[in-house]
Amino acid sequence: MEVSNETGYFHTYAKKFRRTLAVKEFEQFAALATDQERFAFVNELKWRVVNELPLEQSSDRGKCLDRALKERCDGDRLQCDEDWAGALRCYNRAFLLLPEENALEKALLLDNRSQVLLQLAKHDQSLEDIDRAIGYGYPADQLATLWERKARIFQTKKDFKSAVECYDQTVHYLQHCSTLPPNQLAERLDELKKLTDTVYYQYRNVQKYLEPPKGTRSFQAHLDGGVRYDSSEAEGRFAKANTQLRPNQTILKEKPHAAALLSEYSRTHCSDCFERIEVLYCCPHCTDVVFCSGRCERSGCESYHRFECGYLRSLWSSGATIVSLLALRIITQKPCAYFEDIRSELPGLSASDTDKLPDDDYRKIFNLVTHSDKRTSEDYLVWALMATMLNSVLRMANYSKEGEENKYKGVLQTKNDILLTWSRFSFLGYLLLHNLQLVNYNAHDVSEVQRKHANEPAVSVAIGAALYPMLALFNHSCDPGIVRYFTGTTVHVRTIKNIAAGVIIAENYGPLYTRMSRPERRQSLVANYKFECGCQACEEDWPMCSEMNHTVIRFRCTGGSCQQVVLYDLHSSSQGVRCGACGHIVDVGERIRILREANMISRFNEANHLYQVGMYEQALSKYAAIMMILDGVLVPPYRDYHMCQQGMRRCCLDLGSCYVSSPNSEK
């Protein structure tokens with residue numbers, strides 16, 4: 001991956017900066033030994049072309065009252081036509097476009113959206129919109145309507161205590177703010193009194209049977225006890241099977257240390273959790289990001305987005321890739337003081353220290369591989385320059401002064417204060433350069449399964465990228481033992497083959513032996529990940545699926561613990577084949593009989609059918625059972641082994657985030 005593409009202004013900026021360096025200056029840069037020195041060197045000289053860098057906070061952040069009101073009118077029309085889904089989409093767009101200062105319009109819009117959400121049986125979201133409408137200053141003479149709607153929703157949810165409280169508020173606002181004629185007001189109050197008494201009676205009769213409300217359970221990362229981490233000089237740190245792992249075991253479930261969406265999905269997916277947007281929440285100041293809930297909105301706007309707000313469009317225009325955006329997000333999601341507090345600990349961190357830390361601790365990811373010794377000086381120059389640009393975003397967003405807004409108010413800063421601020425920015429710039437490297441070699445694409453129609457084959461599409469501290473330690477194989485899939489930003493990892501105790505648990509960084517030849521795979525891995533693959537598929541030069549010889553069966557030796565491959569030509573009339581490793585004679589007829597009795601074709605068709613009808617867990621169990629039988633008789637690579645793994649991959653991907661663009665249309 002690169003830190004930028006060639007279409008944005010950063011590429012031109014970097015080329016101009018390179019031309020300003022004399023030969024001796026570049027040689028001086030190439031001789032630098034640390035990232036701190038590299039960042040300081042480039043940061044000192046960037047002024048030469050600083051006017052060529054159009055990085056700035058957007059003055060027009062997309063909010064527009066006129067467009068918002070038009071969307072609201074369209075939503076009102078669709079609501080009258082009872083097109084609830086269409087009305088919701090219009091109200092979502094209107095909410096995104098409404099400027100924060102138009103509080104009354106927001107309150108009225110949220111009232112309308114709440115009614116639509118109620119029709120769609122989205123009760124919790126409807127309640128949240130009502131609360132927000134009240135918060136935005138909904139007209140007092142109409143508040144009784146909102147409180148009554150809240151009461152009826154709580155009654156539907158069988159939360160009778162809250163329903164009674166909301167009916168009491170309805171009565172209060174009718175008595176003090178209503179414009180109804182006295183006789184109508186008296187009728188309404190009498191009606192509400194009877195309704196409140198009924199609900200209170202329900203509450204008194206059922207409360208003793210109700211369980212106390214359960215709090216929201218916090219997410220707990222899961223690493224199977226059959227997995228442990230080890231290290232060697234050749235392999236670095238890696239995951240290894242502590243016990244025998246069978247196909248279809250969930251061995252890891254993890255939330256990311258940091259995640260960032262690709263720009264093209266910034267208005268369709270939640271910036272915080274990557275879920276597709278149904279009910280839209282947004283930043284009050286810009287239209288560059290959206291959120292799926294009030295919780296995610298608060299999480300994003302109270303942390304990373306308050307520093308990125310207004311700069312994302314400029315960063316996207318610069319050509320900064322997801323690597324650069326994620327490197328920045330790692331910083332902006334934490335306050336500056338956090339990094340200052342751990343600054344002295346970073347150089348001496350060990351695996352025994354970091355393994356005990358939670359995934360959101362920066363120290364957990366700091367020592368992930370960066371391959372800094374394999375980077376050219378030309379690349380380093382561009383990466384260091386990108387770090388200075390990202391650091392400029394932090395400076396312009398007052399990131400390092402977070403929490404100090406009032407410290408220097410009306411007070412002249414001393415020389416020491418200015419030097420301290422400069423030291424902070426230099427430290428943050430160094431971290432950004434370090435982050436660019438560790439993101440490049442350790443982050444994963446976060447994918448979503450997309451299809452146009454429900455009955456069509458799916459395509460796995462990257463919608464963003466994330467850094468998973470535990471998953472990042474899994475090494476590569478062109479014949480991986482696991483598959484990963486995503487629900488939002490949460491990654492799930494399952495085994496797709498037998499993995500013996502003591503064997504490395506490998507994932508795949510892109511090239512699979514079934515689709516790409518060994519020279520192509522190795523070339524790709526060297527270019528992108530700086531290593532030459534030595535997995536079994538590469539060492540033995542396994543054929544691609546299209547080149548497998550289907551007339552030769554790869555039996556597993558039955559002699560004691562040998563387990564080596566014994567080749568048998570289907571054209572042969574021999575009933576026994578001698579193992580070249582141990583000399584044991586394998587009874588071919590008996591091996592073939594086991595496969596026939598297992599009725600593999602029927603089992604495979606059953607698994608495929610279960611997948612087609614959406615019974616993914618049951619299909620996975622079938623595929624896993626087939627693999628267990630095959631693994632006891634045959635040694636990969638062979639076509640049936642590959643087909644079963646493909647079936648398991650498809651099931652796992654469909655258990656994750658999925659999107660059907662035309663669910664109700666006929667193909």
- Test result for residue 88, under 32 Å from the mean Cα position of the chain (by Cα), under 13 Å from residue 280 (Cα atoms) and open to solvent by less than 10 Å² (accessible area, probe 1.4 Å): no
- Provide a single number: the residues in the range 421-434 that are open to solvent by less than 20 Å² (accessible area, probe 1.4 Å) and among the β-branched types (Val, Ile, Thr). 0
- Only one of 620, 653, 610, 630 that is over 19 Å from residue 450 (Cα atoms) and under 24 Å from the mean Cα position of the chain (by Cα): 620
- Query: Taking interchain pairs and intrachain pairs at least six residues apart, which have beta carbon atoms under 6 angstrom, with the first residue in the range 610-625 and open to solvent by 40 Å² or more (accessible area, probe 1.4 Å) and the second not polar (S, T, N, Q)?
  - Reply: 616/651; 616/654; 616/655; 618/610; 622/606; 622/607
- Note on the structure: Residues of the range 1-25 being β-branched (Val, Ile, Thr), within 22 Å of residue 56 (Cα to Cα) and part of a helix (DSSP H, G or I), in sequence order, are 12
- Item | Candidate set: the range 557-575, residues that are open to solvent by 30 Å² or more (accessible area, probe 1.4 Å) and assigned to a strand (DSSP E or B); chosen: the one farthest from residue 626 (Cα to Cα) | 569
- Taking residue 298 as meeting all but one of (1) without any contact (Cβ under 8 Å) to a residue 12 or more places away in the chain; (2) among the basic types (Lys, Arg); (3) buried (at least 18 other Cβ atoms within 10 Å of the Cβ), write down the number of the exception. (3)
- Filtering the range 435-492 down to residues that are of a type in the set (Phe, Trp, Tyr) and open to solvent by less than 10 Å² (accessible area, probe 1.4 Å), which residue is nearest to residue 531 (Cα to Cα)? 474
- Every listed condition ((1) of a type outside the set (A, V, I, L, M, F, W, C); (2) in the same structural domain as residue 428 (by the TED database); (3) in contact with an Asp or Glu (Cβ under 9 Å, 6 or more places away or on another chain); (4) open to solvent by 60 Å² or more (accessible area, probe 1.4 Å)) holds for residue 255 save (2)
- Selection over the range 26-49 where residues are out of contact with any Phe, Trp or Tyr (no Cβ under 6 Å at 6 or more places or on another chain) and open to solvent by less than 20 Å² (accessible area, probe 1.4 Å) yields a count of 1
- Message: Given the criterion touching a Phe, Trp or Tyr at 6+ places or on another chain (Cβ under 6 Å) and touching a residue at least 24 places away in the same chain (Cβ under 8 Å), identify the matching residue among 440, 508, 475, 455.
- Response: 475
- Query: Taking the range 628-667, which residues are of a type in the set (D, E, K, R) and either buried (at least 17 other Cβ atoms within 10 Å of the Cβ) or modelled with pLDDT of 90 or more (or both)?
  - Reply: 631, 639, 640, 649, 650, 654
- Per the list (1) of a type outside the set (Ser, Thr, Tyr); (2) open to solvent by 30 Å² or more (accessible area, probe 1.4 Å); (3) over 28 Å from residue 176 (Cα atoms); (4) assigned to a helix (DSSP H, G or I), residue check on residue 82 breaks on (4)
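The values are calculated or read from the model by the stated rules, or taken from the named source; none is laboratory data. These numbers were taken from a predicted model, which means no experiment stands behind them. Cβ atoms come from the backbone with ideal geometry, glycine included; neighbour counts cover every protein chain shown. To get the accessible areas, we keep the full protein, side chains included, count just its heavy atoms, and leave off ligands, DNA and RNA. Shrake-Rupley method; radii C 1.70, N 1.55, O 1.52, S 1.80 Å.
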